[in-house]
Structure formats: C-alpha cells, structure tokens
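**Student:** Structure in structure tokens, see below.
Computed from the coordinates by the stated procedures, all read-outs in this text should not be read as laboratory data. Predicted model, so just to flag it, every value in this text is computed and none were measured. Here the Cβ positions follow ideal geometry from the backbone for every residue, glycine too, while neighbour counts run over all protein chains shown.
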Amino acid sequence: MTENTRIPLAGVIGSPIAHSRSPRLHGHWLKTYGINGFYIPMDVAAADLAEVLIALPKAGFVGVNITIPHKETVLALADVVTDRAALIGAANTLIFRPDGRIHADNTDGYGFMANLRQNAPNWDATSGPAAVLGAGGAARAVIASLLEVGTPEIRVANRTRARAEALRHEFGARIIVQDWAQAGNMLDGAATVVNTTSLGMQGKPDFRVPLDALSPKAVVTDLVYAPLRTRLLEEAAAIGCITVDGLGMLLHQAAPGFERWFGIRPEVDAATRAAVLAT
Ligand code: NAP
C-alpha cells in the first residue's frame, strides 16, 4: 500500500480519556466533509507516552491531540515546538510530519480568541483591563493570547498566589496579581472577564466570586463548558453583560489540528455544537 492510499488516522491522548468530546467533534467533521479517516480516544499512561508517540506514525497516524496529564511533558518529546507552545509551556496538538519529526503546537489561545470573536463580535481587547480568574495551564494560553491582541492590563487572581506571581514573572508588567480572597475587586473596570479555574464545573465546587463590581459593559466568558451555562455566565448575563460559553473554545481549538491532519479547515457552526452536545 502506498502512502497516498493510507487512511489518515488521528486521535486524542490523555488519561483518563473516556469523557473527551473530541472524538465526537472530529467524527462530525470527518462525516460532514466526507473524509475517509478516523479519530479515536487513547488512554495512555505517562510512562508509555514516548513509546506510543514513536509507534503511531508507523500505524498511519497523521497527528494527535494531547490532553491532561500530558500537555506539558509532551514538549520534551517533540522535535519542533512552536513559539506559542513554548511560551505557554504546553502543547495540545501534534503533527506527525512525513520526515518523521513530531511538530508540537498549542491552539488553546487561538480557540479562546476565535470563540470570543465569533460570539462577541464587538468585543475590543484594547478597550480596558482583563480580569483572569485562575493561573493554571488554560490561564497561560488565555493570557498569552490576550497580551498578543493588545489587552492593556491583565489582572490575575489565583487560589495559589505563587502561580499567579509566576505568570507576572514570565509575561511581564502588564500582569497585575491580586489576592484570591479579593478576586471580586478586580472586576471593577474590567472590560473582559475570564474564568479559567475549574470552579463551577460539574462535580467541582461552585464559583462564588462576588460580581458586585462587574460592569454591564464587560464581556464575560467561562472556560468551563459542563454545564454550558455556568453560574458565572448566568449572573453576569443578569447584570447585562455579553456572555460567551466555553464550548466554542473547545470547538475552535480543534480546527487547526483537523486542517493540518485532514486537509480541510472545518467550520465551527451550530451543527458542530449540536453534534458535540448530542448525548
Ligand atoms: P489546571 O492547570 O489544573 O488549573 C486549575 C485552576 O483552577 C487553577 O488556577 C486552580 O487553582 C483552580 N482551582 C481548582 N480548584 C479550585 C478551588 N477549589 N478554588 C479555587 N481555585 C481552584 O487546569 P486547566 O487545564 O488550566 O483547566 C482549567 C479549567 O479550564 C478546567 O475546567 C478545564 O476543563 C477548562 N478548560 C476548558 C477549555 C475549553 O476549550 N473550553 C480548554 C482548557 C481548559 P490552584 O492553582 O490554586 O490549584
């Protein structure tokens, strides 16, 4: 069989992985665009990751998504790391090149931005400070992309303050660290508010940061997408803010990988959302 007749394979590697919606998403796009390929979930332990990555291209894989807990460690296994993946310190998209080299990228920041642009088209990053709750892996991608589009100031509050301080150290003086106990105060005058913590997610503690200081002019987005309408989004909408749920980020971050692997840039539209939300 020649390389041209090979069925392209892709997938997502994590542990656990059964909950991932990525197979449903890519499966929908493969069907929509009539591509004869497959996308599968793979539960791989940390100790086996290197061995698996070496084997996959030999089996016809053109690339994979990487998720928890491998997003950081995979950087050391890649041959080429994009600047943004290096800056964020994590990769979520690998491309297996024909020359055998593994190319690692991070599309979370792109997904975050594309989701805001699609669902809050009048949002202007430069119009005022952003308030970011949380300082984990997702926060790094969000902050890098907010800085890139000219956000003048990014206020960050995290339960573990040292992680927020580390972000200031790495990303520079536009980052202002606030105490987690005072997180509500940093919403005062914020044009953009982003929850990057897991608070409010099904099975996790509630999001309880008070929103009294939030302006109705702010655009508020939550990275949590299960549930789709989080308490933060409901309360912000009641104040009059434009709110954007986290599912769109998940869908948009997947598009560049799909294009690289299967050759077609997929649309993120209502049908895509419906396919991923279908039970
Ligand atoms: P992570 O690196 O583990 O970071 C988790 C963050 O949540 C940290 O800031 C952590 O604070 C905070 N946190 C956890 N429990 C808390 C609590 N009880 N009280 C206060 N803060 C708490 O995870 P991640 O990869 O950044 O992901 C964070 C969230 O974003 C998850 O819900 C994930 O599903 C979601 N996400 C969504 C997308 C999307 O496409 N929509 C993409 C990536 C991530 P500490 O530092 O103090 O632990």
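**Student:** Identify which of Val44, Val220, Val12 has the largest mean-square fluctuation in a Gaussian network model of the chain, with springs joining Cα atoms closer than 10 Å.
**Tutor:** It is Val44.
**Student:** Using θ = phi - 60° and the Karplus curve 6.51 cos²θ - 1.76 cosθ + 1.60, what whole-Hz ³J(HN,Hα) does each residue of region 244-251 get, with Gly and Pro shown as x?
**Tutor:** Those phi angles translate into 10, 7, x, 5, x, 5, 4, 6 Hz.
**Student:** OK, next. Hey, with R₀ at 22 Å, roughly what FRET efficiency would Val52 and Thr73 work out to, going by the Cβ-Cβ distance, to 0.05?
**Tutor:** Values: r = 13 Å, r/R0 = 0.57.
It comes to 0.95.
**Student:** Something else: Just from its helices, what would the mean residue ellipticity at 222 nm be for the chain, if runs of 4 or more DSSP H residues each count -39500 (n - 2.57) and the sum is divided by every residue, rounded to the nearest 500 deg cm²/dmol?
**Tutor:** Numbers: 9 runs with 92 residues, N = 279.
My calculation for the chain gives -10000 deg cm²/dmol from helical runs alone.
**Student:** Show the residues, 5+ positions off or on another chain, whose built amide H is closer than 5 Å to the amide H of Val156.
**Tutor:** The list, which skips near neighbours in sequence, is Val132, Ile176, Val177, Gln178.
**Student:** Where is the GNM fluctuation largest for the chain (alpha-carbon springs, 10 angstrom cutoff): Thr73, Thr243, Thr230?
**Tutor:** Judging by the Gaussian network model, the answer is Thr73.
**Student:** For the residues Met113, Met186, what sequence is obtained by ranking on other C-beta atoms within 10 Å, fewest first?
**Tutor:** On the way: Met113 21, Met186 24.
The order, fewest Cβ neighbours first, is Met113, Met186.
**Student:** Can I ask one more? Please find the FRET efficiency linking Asp124 to Arg101, where r is the Cβ-Cβ separation and R0 is fixed at 45 Å, and quote it to the nearest 0.05.
**Tutor:** On the way: r = 39 Å, r/R0 = 0.87.
The calculated FRET efficiency here is 0.70.
**Student:** Hey, rough spin-label estimate for Met42 and Asp179, points 7 angstrom out along Cα→Cβ, what's it come to in nanometres?
**Tutor:** Those two pseudo-labels are separated by 4.8 nm.
**Student:** Tell me, Thr126, Thr32, Thr5, Thr197 in order of fewest to most beta-carbon neighbours within 10 Å?
**Tutor:** Values: Thr126 9, Thr32 15, Thr5 6, Thr197 27.
Ordered by Cβ neighbours within 10 Å, fewest first: Thr5, Thr126, Thr32, Thr197.
**Student:** Specify the angular offset, from 0 to 90 degrees and rounded to the nearest 10, of the alpha carbon long axis of helix 108-119 from the longest principal axis of the alpha carbons in the chain.
**Tutor:** Between helix and principal axis, roughly 60 degrees.
**Student:** Let me make sure I get this right: for region 84-180, a, b and c are the square roots of the gyration tensor eigenvalues over alpha carbons, sorted descending. Under 1.5 in a/c it's rounded, otherwise prolate if a/b > b/c, else oblate. Which is it? Provide the component values of the computation, followed by the final result.
**Tutor:** Numbers: a/c = 2.45, a/b = 1.41, b/c = 1.74.
It is oblate, given that a/c is not under 1.5 and a/b is not larger than b/c.
**Student:** Give a quick list of trypsin sites (Lys or Arg not before Pro) in region 166-210 that DSSP marks as loop, anything other than H, G, I, E or B, with at most 14 other Cβ atoms within 10 Å. Present the calculation step by step, with values, prior to reporting the outcome.
**Tutor:** Working: sites: Arg168, Arg174, Arg208; in loops: Arg174, Arg208.
Passing both the DSSP loop test and the Cβ count: Arg208.
**Student:** Now for a separate question. Return the single residue from Ile35, Ile66, Ile95 with maximal mean-square fluctuation; model: Gaussian network over the chain, springs between Cα atoms under 10 Å.
**Tutor:** Among Ile35, Ile66, Ile95, the largest GNM mean-square fluctuation belongs to Ile35.
**Student:** With θ set to phi - 60° and the Karplus curve 6.51 cos²θ - 1.76 cosθ + 1.60, what are the ³J(HN,Hα) couplings of region 62-73 in order, to the nearest whole Hz, using x for Gly and Pro?
**Tutor:** Calculated HN-Hα couplings, in order: 9, x, 8, 8, 10, 10, 3, x, 9, 4, 7, 5 Hz.
**Student:** Any idea how far the Cα center of region 33-66 sits from the one of region 201-260, in Å?
**Tutor:** Between the Cα centres of region 33-66 and region 201-260 lies a distance of 30 Å.
**Student:** Charges at C-beta only: +1 for Lys and Arg, -1 for Asp and Glu. How large is the resulting dipole of the chain about its Cα centre, in Debye rounded to 20?
**Tutor:** Values: 25 positive and 26 negative charges, 55 e Å.
For the chain, the charge dipole is close to 260 debye.
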